[in-house]
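What follows is one structure encoded as structure tokens, with my remarks underneath.
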Amino acid sequence: AAGAVVVGIGARPATGWLAGSGIALGAHGEVLADDLLRTSAPDVHAVGDCASFPSARYGERLLVHHWDNALQGPRTVAADIVGAPGGETPAAYDPVPYFWSEQFGRFVQYAGHHTAADTTLWRGDPASPAWTVCWLREGRLVALLAVGRPRDLAQGRRLIQAGTPMDPDLLADPAKPLKAATAATA
């Protein structure tokens, strides 16, 4: 029995007003941006959850519905507009996606993108208050979901960013820090 039920089934960018503008939209209504967050219209950039971008790290176009994405994109846009330091080409936008939530008194954090993972490992018991699930592709961490284990998230996000090879046996041990589960330390 419940007094109210709330169901979240996704998000859709409110981009209908761009129809006929020359700015290309994707299948989900999002603005299609390139790796510097430029749109199909000259001198127009798009950041945040209204824009998708190509990810070299994950080999697909990502549409990230979290405010952390909107915080990271402006650096890339600014570098593209004013130029990177030393006149270099700005770095491509390819962050490790991140979101967090609090559910039933538990802090839940996710980093990465696990759709192309070939291995799933659990760190701890999912029936306990704190655990982590890790996804790897070709021995490298590509995503993790941490419940009540903020240190796993912080270390894991850096390991994903670096593309560090992992030792699956060490990674599955919740008593070991994630950073100690690299293949180099095995």
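What the table shows:
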{"read-out": "Whichever residue in the range 4-20 is in a loop (DSSP other than H, G, I, E, B) and among the small types (Gly, Ala, Ser) and, among such residues, is surrounded by the most Cβ atoms within 10 Å (Cβ to Cβ)", "value": "Ala11"}
{"read-out": "Residue in the range 88-101 that is under 30 Å from Lys176 (Cα atoms) and exposed (fewer than 14 other Cβ atoms within 10 Å of the Cβ) present", "value": "yes"}
{"read-out": "Flag if Trp122 is open to solvent by 80 Å² or more (accessible area, probe 1.4 Å) and within 30 Å of Asp169 (Cα to Cα)", "value": "yes"}
{"read-out": "Members of the range 41-68 found to be touching a Gly at 6+ places or on another chain (Cβ under 6 Å) and farther than 17 Å from Ala27 by Cβ, listed by number", "value": "Ala41, Val47"}
{"read-out": "Where Ile23 falls short, out of the listed (1) in a helix (DSSP H, G or I); (2) more than 23 Å from Ile160 (Cβ to Cβ); (3) open to solvent by less than 90 Å² (accessible area, probe 1.4 Å); (4) β-branched (Val, Ile, Thr)", "value": "(1)"}
{"read-out": "Subset of the range 103-157 that is part of a loop (DSSP other than H, G, I, E, B) and of a type in the set (Asp, Glu) - its residue that is nearest to Val7 (Cα to Cα)", "value": "Asp125"}
{"read-out": "Hey, His65 under 30 Å from Val6 (Cα atoms), open to solvent by 80 Å² or more (accessible area, probe 1.4 Å) and assigned to a loop (DSSP other than H, G, I, E, B) or not", "value": "yes"}
{"read-out": "Complete set of residues in the range 33-58 that are part of a strand (DSSP E or B), open to solvent by 20 Å² or more (accessible area, probe 1.4 Å) and within 18 Å of Ala78 (Cα to Cα)", "value": "Arg38, His45"}
{"read-out": "Among (1) farther than 30 Å from Glu30 by Cα; (2) of a type in the set (D, E, K, R); (3) buried (at least 16 other Cβ atoms within 10 Å of the Cβ), the one test that Asp80 misses", "value": "(1)"}
{"read-out": "Filter result for Gly105 (open to solvent by 50 Å² or more (accessible area, probe 1.4 Å) and either polar (S, T, N, Q) or more than 30 Å from Asp34 (Cα to Cα) (or both))", "value": "yes"}
{"read-out": "In the range 21-59, the residues that are more than 15 Å from the chain's Cα centre (by Cα), on the phi > 0 side of the Ramachandran plot and touching a residue at least 24 places away in the same chain (Cβ under 8 Å)", "value": "Leu37"}
{"read-out": "Tally, over the range 141-171, of residues that are touching a residue at least 24 places away in the same chain (Cβ under 8 Å) and surrounded by fewer than 16 Cβ atoms within 10 Å (Cβ to Cβ)", "value": "6"}
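The values are calculated or read from the model by the stated rules, or taken from the named source; none is laboratory data. Quantities reported herein were computed from a predicted structural model and do not represent experimental measurements. Ideal geometry is used to build each Cβ from the backbone, glycine not excepted, and the neighbour counts take in all protein chains shown. For the accessible areas, the whole protein counts, side chains as well, though only heavy atoms, and no ligand, DNA or RNA atoms are used. Shrake-Rupley method; radii C 1.70, N 1.55, O 1.52, S 1.80 Å.
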